[in-house]
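*Asks:* Before I ask anything, here is the structure I am working with.
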Amino acid sequence: AQNPGAFAEYAVVPADCVLEIPDSVTYSEAACIQPLTSCMEQIDTAQIELGDTVVVLGQGVMGLGIMQMARVSGAGRIITTARRNITLELSRRLGADEVISAKDSSPVEAILELTRGRGADIVFDTAGGSPEVGLSGFETLKQALQVVRRGGKVISVANYSGILEIESRLFRNKKFYSMIINYSRKTAEHLIHLLSVKRIQVQPTITHQLKGIETVPEAFDITGNKRKY
């Protein structure tokens, strides 16, 4: 809220739950704070060390957010994968060092080649989930376990469902994290600062802007049919 005092009359909104949005952050950017806060919590879980090689599988909303936050959190080389050329171009423009087309090549082979067979220090899977809405199922999770280095970390950002069958030896000497979202005011305030000084950019990722309460059904349709849109 650009005027937190305006909410004082609503007892259901405690004052300490209201965040002030500076004028340098647009309303469209402010609407992205919720998913970006989740991205930042994933980055906090990963505990990136200075110069780490980071792989982000998938460059949707979560993938692009995590990729940019990894950069400002000290990551060294950042490698991303996606299936669409327009998304790959956007990923490179927003800071990825290497982008890999998951449609035209094998991400596992390409990543291992780029890391000289060592693998990445940290791998984020942001592409997994229901294939019905255009996600990769368990495929990118399996890729993550193959391209993370020994003693590295896999951060599962995706929401999976179903039974996963996997070669158990991939877990040997590798840490596996499944993210538990834990929002905090401090995280949100830090994110707002990064947006306000343009160290994180979300405007290039915004494809649809809907106005009016009557467009809510359309918004749900866009969200629920990623492949279509």
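The values are calculated or read from the model by the stated rules, or taken from the named source; none is laboratory data. Since we're looking at a predicted model, the values are computed, not measured. We place every Cβ from the backbone using ideal geometry, glycine too, and count neighbours over all the protein chains shown. Side chains included, ligands, DNA and RNA excluded: accessible areas come from the protein's heavy atoms. Shrake-Rupley method; radii C 1.70, N 1.55, O 1.52, S 1.80 Å.
*Asks:* What ranking, highest mean first, results for peptides 58-70, 137-149, 95-107 when packing means the other Cβ atoms within 10 Å averaged over each residue?
*Replies:* So the order, starting with the most tightly packed, is 58-70, 137-149, 95-107.
*Asks:* Computed over the Cα atoms, what is the radius of gyration of the stretch 41-140 divided by 2.2 N^0.38 Å, N being its residue count?
*Replies:* 0.99
*Asks:* Quick one: Cα centre-to-centre distance for the stretch 193-229 and the stretch 38-73, in angstrom?
*Replies:* Using only Cα atoms, the two centres lie 20 Å from each other.
*Asks:* Also, I was wondering about something else. Might you tell me the accessible area per residue for the chain, computed with a 1.4 Å probe and given in Å²?
*Replies:* Accessible surface, normalised per residue, equals 57 Å².
*Asks:* Another one. Once Rh for the chain is found with the Kirkwood sum over Cα pairs, what is the Stokes-Einstein diffusion coefficient at 4 °C and 1.567 mPa s, in µm²/s? Numbers along the way, then the final one.
*Replies:* Values: Rh = 18.7 Å.
For the chosen part, D equals 69 µm²/s.
*Asks:* Counting only other residues whose beta carbon sits under 11 Å from that of Lys142, what net charge do I get with K and R as +1, D and E as -1? Write out the running numbers ahead of the final one.
*Replies:* On the way: positive: none; negative: Asp125, Glu139, Glu165, Glu167.
Counting the neighbours of Lys142, the net charge comes to -4.
*Asks:* Suppose we keep just the DSSP beta bridges with both residues in the chain; what percent of those would be antiparallel, to 5? Write down the numbers at each step before the final one.
*Replies:* Numbers: 1 of 22 bridges.
Counting only bridges with both partners in the chain, antiparallel ones make up about 5 percent.
*Asks:* While we're here: Calculate the FRET efficiency for Lys211 and Ser105 from the Cβ-Cβ distance with a Förster distance of 45 Å, rounded to the nearest 0.05.
*Replies:* Efficiency, from the Cβ-Cβ distance: 0.65.
*Asks:* While we're here: Build a GNM of the chain with springs between Cα atoms under 10 Å: which of Val55, Val18, Val202 gets the top mean-square fluctuation?
*Replies:* Evaluated over the chain, the most mobile residue of the options is Val18.
*Asks:* How many nm separate the modelled label positions at Arg150 and Glu49, each set 7 Å beyond the Cα in the direction of the Cβ?
*Replies:* In this crude spin-label approximation the distance works out to 1.6 nm.
*Asks:* For the stretch 75-128, compute Rh as the Kirkwood radius over C-alpha pairs and then the Stokes-Einstein diffusion coefficient at 25 °C and 0.890 mPa s; write the answer in µm²/s, rounded to an integer.
*Replies:* The diffusion coefficient I find is 213 µm²/s.
*Asks:* Moving to a separate point now. On full extension of the chain, what length is gained from Leu164 through Asn85, given 0.36 nm per residue of separation minus the C-alpha to C-alpha distance?
*Replies:* On the way: separation 79, 0.36 × 79 = 28.44 nm, distance 2.93 nm.
Fully extending the segment from Leu164 to Asn85 adds 25.5 nm.
*Asks:* How much length would be gained if the chain were fully extended between Asp97 and Glu189, taking 0.36 nm per residue of separation minus their Cα-Cα distance, in nm to one decimal? Provide the component values of the computation, followed by the final result.
*Replies:* On the way: separation 92, 0.36 × 92 = 33.12 nm, distance 2.77 nm.
Length gained, Asp97 through Glu189: 30.3 nm.
*Asks:* Thr223 to Ser28: extension gain in nm, 0.36 nm per residue of separation minus the Cα-Cα distance?
*Replies:* Gain on stretching Thr223 to Ser28: 68.6 nm.
*Asks:* Also, quick follow-up: Would you tally the net charge around Ile200, using a Cβ to Cβ cut-off of less than 13 Å, leaving Ile200 out, and scoring K and R as +1, D and E as -1?
*Replies:* +2
*Asks:* Quick one: net charge of Arg83's neighbours, Cβ under 14 Å, K/R +1, D/E -1?
*Replies:* Summing Lys and Arg as +1 and Asp and Glu as -1 gives +1.
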